[in-house]
Amino acid sequence: MHDLIQLMGKDVVNQECLDDPGKCSRLWIFEDVVEILCEDTGRNAIKAIVLDFPMSEDITISPDAFTNMKGLRMLILLEVHISSEGPVILPNELRWLKWPNAPNLEFGSDPKKLVQLDVHRSRITQLGGQLKNFGKLKSINFSECKSLASVP
């Protein structure tokens with residue numbers, strides 16, 4: 001029964017934005033996520049991106065791919081290989097981040113709403129700002145982050 005309700009919810013969200021995935025509040029379809037990230041067409045409407053799609057090819061995104069997604073609260077990218085020419089800037093509203101193998105990331109100036117941070121095996125080099133700015137952080141995973149020099 002739970003699966004049926006989940007499918008029905010996904011269908012309702014899909015009907016909201018048939019022509020423009022940037023207007024969806026949640027994204028989980030591979031093609032939609034790639035279009036949004038590669039073409040920098042994300043908007044405030046996007047609150048969650050969840051993608052678990054094993055693939056062998058790299059997707060290259062702009063460091064500013066998430067900049068216009070000011071309402072993004074959840075970002076889960078599993079088994080997705082994304083690279084960027086510079087640190088990927090994350091929005092301040094982000095509350096849940098799970099991105100194994102992430103490129104170098106840069107947190108906004110005020111990441112105090114972040115509760116879950118899991119970037120194991122990522123290429124993150126430093127945790128910008130002061131640790132006190134991450135006031136609500138409950139869980140953190142930097143395991144196998146070989147480029148991480150220090151945590152403030």
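Bear in mind these aren't lab numbers, they're just calculated from the coordinates by the rules spelled out. Small disclaimer: the values here were computed from a predicted structure and weren't measured. Neighbour counts run over all protein chains shown; Cβ positions are idealised from the backbone, glycine included.
Data table
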| read-out | value |
| --- | --- |
| 5 angstrom amide H check on Thr60, placed H, neighbours 5+ away | Ser83 |
| Net +/- balance of residues flanking Asp58 in space, Cβ distance below 13 Å, scoring K and R +1, D and E -1 | -2 |
| Reciprocal of mean inverse Cα separation for region 54-152 (Kirkwood radius, Å) | 13.5 |
| Estimated FRET transfer efficiency (Ser25, Ser150; beta-carbon r; R0 41 Å; 0.05) | 0.65 |
